[in-house]
Each structure stands twice: as C-alpha cells, then as structure tokens.
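Report on one structure; see the data block that follows.
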Amino acid sequence: MEGGPITVKTAHFGNLRKARKRFLQRYKHQRLLSCLAGLYSCRWQRYQRTQTQPGQCCCKVRECVFSPVLAVAFCLSFIFLYLWGEAKNDYDNFDWYNYNKVGTWFLWSMVFLAVAALLFSYTFLLVILALCLMSASQELYLHWSHKIGTLFVLIVSITALVLITIMWNEEWKILRLSLQITAPFFHVIAILIMIFLAWPVGLHAIQGKKKVLQVLILGPYLALLLFLLFVPLGLYSPCILEKGTLGPKPALIGHRGAPMVAPENTEMAFQKTIDFGAVGLETDVTISYDGIPFLMHDKTLTRTTDIEEVMPSAVNEQAAMFTWDSLEELNAGTWFFKNRPFLAMPQLSKADEALARKQLIFKLGDFLKLANQENKLVIFDLYRPPVNHPYRDNWIHRTLQVVQNESGIQPHLVLWLEDRQRSYVQSIAPGFQHTSGVKAPVEELQRRKIVKLNLDYRDMSSEEIRKYAEANITTNLYVVSESWLFSLAWCCGAHSVTTNAVHDLMNVTQPFFLMTPQEYRSMWIVADVFGVVLISLIFAIHWWREIGVFNYPSRSNVSLENGTYNKFGTAPKVGSA
C-alpha cells in the first residue's frame, strides 16, 4: 500500500532533476549570448536578461530615447575617421600649422587619427552588440557606463568636425574626391550591411502582430535597400574608363625635393629627387638681408635649422632679416632626424644619414645650376621680404638677376609662378613657361600667355583639365603624396603632380581602382543580385518559422520524459492546464 506513493514521488523528483539538468545544459549553450549581453548591458547572469517577443519593441521607452544618440554618435565618429583617414595626404600641413601655433614639432595628425579610430571602434562594437542581441530577441539595455562613453564619443566627434570646418574647411573637399574612388566599393559594403540587418528586421517584422509596426519596421528598410540597389546609376568615377583611353602617367615634381628621404630644400633633397627620376623640382625662395636668394619655406629658421643652438637670441627673427654670412653658419640637416617630419620615412643608409646631417641652407643660384645640369624643370614660390628689408620693392628684379644672369639655366626650364609684375617678367624673360596658380577662362589665360596651371589638388576636375588641355594649357596638381590620390589625378588627366613621395609614386605603374564600365556594371549587378537573393532567403526563413509555429503549437512546449516544460525550460505551475 505504501510503495505506490513513494514510487510516484521518486519519479516526480527524478523528472525535476532531469529538467534541471536540461535547463543547465541550455544555459551552457548560451555562453555567447551571455557574453554579448554582458559586454553591452553588464548583465552576465541569465536571470538578469529579459527576452522580448518578436515584433515587440526591443527596449523600454528610456532606452528608445537613447538609441538615436548611439546611432548619431556612430555615424559622426565614422565621418570623423573617414575624413581624417583620407586627409593623410595633408598631415604635414596640419602638423606644420600646429608647429607655428605651439612652437614644438609633433605629429599631432597621428594622435587625431588614433583618437578617431578608437572612437569609431567603440561605437561600432556597441552597434554590433545591439544588432546581435536584437537578432536573439533579447531586450536591449545599454549600461550607464556605455551611455557616458557614447555621449563622450558624440561630443568629441562633433567638436572635431566643427574645428575642421572652422580651421581647415577646404579639407571637406577631399570627401568628394575620395568618394569618386571609393563609392563603387562602398556600394558593395552597404549591400553586405543590409544583408546583415535582414535577420533582425525580418525577425521583428514578420513575427510582429500589428500591421502598423510591421510597416514601420519594413518600410524604411526596403526603401533604403531599393535606393542602394539603384544608386550606382548616379555614381561617377574618373577611374571607370574604356580600355585604351587612359592618358599617360603624370610626371613627378619633387616638393621641396624629396622631403621624406632628405631634409627639405637642401641639395641632398633635390639630388635624391633627380635620382628618383622626377621631371621637376619645386621649392620656396626667400631673399637674405644682403640680397642673396636662398631656399626656405618657413618665415623663421627655427624648424629646419639649428639656430636655437647657434643664435638662440634670434630664434624668432624672420629668415629674410639674416645676412648670407649668418645663414651659412647654420646646419639644415640635423633637425630632420630630431623631428622626423613624416611618419612613413624610409630607413636611410649610414652614408645617407651622415650626408643628411651635414646639409646647409641652399642658394637659389646653386639650385638652378643643379636643375640646369640635370635638365629639370623648376617652379618656386617667391616670398616678398618684410617691411624695412632692403629688397622689399625690387625683390622680383633681384630674383630675375639670379635666374637669368648668375645661374645660366635654360629659360624653358623655368615655370614662373609669381603673378605680381608678370608683364614685366614676360618682357625681359619671354622664354619662361608662365604658370598661374588660379583657374580662369581659357581666353583670359591665353591673353596672359599662361601655358600651365599649378592648382591645389582639391580643385581637381577631369572636365576642366581636359578643357585646358585642348587649349594647350597643361595642369599640375599639388601636393599629391598618397597613391590613391595620385591614381585619381592620373585618371583625371593631370599632366604632372608636385609630391612629397617621389620615391613611392615612381613605382606606381597604373591607377588604383581602375576598371572598365563593363567590369563596374558586373560588380554592381552581382552585388545587387547576391544581396536580393540572400535577403529574400532570410525573410523566407523567418516566414517559414512563423508558419511552423502556428501549425505546430506543440513546439512551444518541450516534452521531457514524463513532464511537460515550456520553451524557456521551466515546468508549468501545479494545477495549470
């Protein structure tokens, strides 16, 4: 009589032990989900998480309010990183600007790049975690520490973009240029992102119970997808060309010589440029107090000489106010190893390093003799001396004396850039190739006898370059040091570029990202078809699972031995149906 109840009770506890074992097994199988929830919400235990029903809001009202903040922080941090990453070509200008403000040389540009990468990586990780949790039907809860971090990213990104807009507004033009190269590839990446988003969107849209909610979820997604499928129709890239239509490789002009392998504006820098096969040499000309034109870019001698050691009391004096005897005493090479002006500087041999450390300030006359000897073009910015300088008013005349009479350079090798007193220069030096730094109508340029344009690369336009070329006016772009930017200049038809990286660009044999229209259309169609098929498959899987749930309601419960347990692995309450 007593054996029966004991057997039933034993069986009941046996089933509970089995259920507990199965529950623990299910918990062990959710280690990845626990890790995701822990990283995003700091909720590492299973009982701390809340599962949402598909189609319902994935977070509470308070979290819904903060979600746009995370989205905006992610987008702005991406824009900051992309803009600053593409601006690598101009890092030396940024560092030089800060040097003038602070007085100490430092690669602040790389600090900005590291900060931008860190900010974007942080928000990118949070967005990925949120999408993964949504795909697993988990309620989103961003931990307060991540909320503070997101606000910090938002504030820093906005501040950085505002500063760039105020202090370096022309750098935004690089976005237009870079998208001409990257837009076709961004299209492919965007399709892959839409495929990734298809899982959480399909889960919550198809299994949603309210039509309004389904429309709110599916509408924006499908509209964006449709836009991405056809956006290539409006994309333009100069590097999408028919075979045989690409022009010759742009000639290279060394910007202050080869400043990545030798101290700028020194004899060694220009000799290296010649050895690398450049067709021209670019420099900056200042006139000393006693009328000797010499090569110097900065207004002072602090950055590129050892004046702090030789004449510490004259550190802030303008370079043009020194006599040539004083300038000859300065070393113009040791700073190169102390400051290291570029991050990607190649390693020098011991002989080259010893030679670089001995470099002196270079005279304009000696520079022109070297160019004439090697049959190289020369182009230079001519700086007007400051007030109270003896050559304040006849600086152009003094420079012409050196160019024409003292150097012996062939006139056709001189690309005369200075626009002031151009008529006078043309009258006494008709053999110069007169060059303008400002775009103008073809008729005006021809009237002024301009044969070459020297333009900022940000003003690059394939249509204008082609228009000027038809009028026998060639175009030089400055300063182009990155390979992708050089590739774009090549595709646009530029005849030459002024560069800091002659040693790198000399090895570029064809433009990067060059493709034919047929190859571009194939990439576009394959990406679109692949995306549509996978997205349709993902939506079909969600629809099939939803139909299966309705047709087989028993799937919501799990039969375990002699007991019945719901889909969450827990037994129903006693007395429940």
*Report, by residue number, each residue of segment 393-436 that is part of a helix (DSSP H, G or I), in contact with a helix residue (DSSP H, G or I) (Cβ under 9 Å, 6 or more places away or on another chain) and closer than 22 Å to Tyr468 by Cβ.*
Leu413, Val425
*All but one of (1) more than 35 Å from the chain's Cα centre (by Cα); (2) farther than 19 Å from Glu282 by Cα; (3) of a type in the set (Val, Ile, Thr) hold for Val442, so report the exception by its number.*
(1)
*Give the residues of segment 121-155 that are open to solvent by 40 Å² or more (accessible area, probe 1.4 Å) and either in contact with a His (Cβ under 8 Å, 6 or more places away or on another chain) or over 30 Å from Gln207 (Cβ atoms) (or both), sorted by residue number.*
Ser121, Tyr122, Met134, Trp144, Ser145, Ile148, Leu151, Phe152, Ile155
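How many residues does segment 65-99 contain that are open to solvent by less than 60 Å² (accessible area, probe 1.4 Å), over 30 Å from Phe336 (Cα atoms) and modelled with pLDDT under 95?
Within segment 65-99, residues that are open to solvent by less than 60 Å² (accessible area, probe 1.4 Å), over 30 Å from Phe336 (Cα atoms) and modelled with pLDDT under 95 number 5.
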*Give the number of residues within segment 331-377 that are farther than 19 Å from Met296 by Cα, open to solvent by 40 Å² or more (accessible area, probe 1.4 Å) and assigned to a loop (DSSP other than H, G, I, E, B).*
6
*asked:* Being touching an Asp or Glu at 6+ places or on another chain (Cβ under 6 Å) and of a type outside the set (A, V, I, L, M) is the requirement here; does Gln207 meet it?
replied: yes
*Within segment 437-463, work out how many residues are within 18 Å of Cys491 (Cβ to Cβ), of a type in the set (Gly, Ala, Ser) and assigned to a loop (DSSP other than H, G, I, E, B).*
1
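Given the options Ile174, Ile191, name the one that is farther than 17 Å from Ser536 by Cβ, assigned to a helix (DSSP H, G or I) and open to solvent by less than 60 Å² (accessible area, probe 1.4 Å).
Matching residue, one of Ile174, Ile191: Ile174.
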*Given the conditions (1) outside any loop (DSSP other than H, G, I, E, B); (2) within 23 Å of Tyr391 (Cα to Cα); (3) open to solvent by less than 30 Å² (accessible area, probe 1.4 Å), and given that Asp325 satisfies all but one, which numbered condition is not satisfied?*
(3)
_Trp395 being farther than 20 Å from Ala278 by Cβ, open to solvent by less than 10 Å² (accessible area, probe 1.4 Å) and not small (Gly, Ala, Ser)_ = yes
*Looking only at segment 44-64, and only at residues there that are open to solvent by 60 Å² or more (accessible area, probe 1.4 Å) and more than 23 Å from Gly202 (Cα to Cα), the one that is modelled with the lowest pLDDT*: Tyr47
*asked:* With the structure loaded, tell me whether Gly531 is within 19 Å of Phe185 (Cα to Cα), of a type outside the set (Lys, Arg) and modelled with pLDDT of 95 or more or whether it fails that test.
replied: yes
_Leading residue by the ranking (nearest to the chain's Cα centre (by Cα)) among those in segment 156-171 that are surrounded by fewer than 20 Cβ atoms within 10 Å (Cβ to Cβ) and at pLDDT 95 or above_ = Leu161
_Residues that are of a type in the set (Phe, Trp, Tyr) and within 30 Å of Lys369 (Cβ to Cβ), at least 1 per element: which strands (runs of 3 or more DSSP E) completely within segment 207-304 meet that?_
293-295
*When the residues of segment 210-242 are filtered to those that are open to solvent by 80 Å² or more (accessible area, probe 1.4 Å) and closer than 13 Å to Tyr520 by Cα, which remaining residue is modelled with the highest pLDDT?*
Glu242
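I need the full set of residues from segment 494-528 which are open to solvent by 30 Å² or more (accessible area, probe 1.4 Å), over 30 Å from Leu343 (Cα atoms) and not aliphatic (A, V, I, L, M), in order please.
Gln518, Glu519, Arg521, Ser522, Trp524
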*Yes or no: Ser109 part of a helix (DSSP H, G or I) and surrounded by 14 or more Cβ atoms within 10 Å (Cβ to Cβ)?*
yes
*Restricting to segment 404-438, what's the tally of residues that are over 16 Å from Gly365 (Cβ atoms) and among the acidic types (Asp, Glu)?*
2
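The values are calculated or read from the model by the stated rules, or taken from the named source; none is laboratory data. Only a predicted model underlies this, so the values are computations on that prediction, with no experimental measurement involved. So basically every Cβ, Gly included, is an ideal-geometry build from the backbone, and we count neighbours across all protein chains shown. All accessible areas refer to the heavy atoms of the entire protein, side chains included, with ligands and DNA or RNA removed. Shrake-Rupley method; radii C 1.70, N 1.55, O 1.52, S 1.80 Å.
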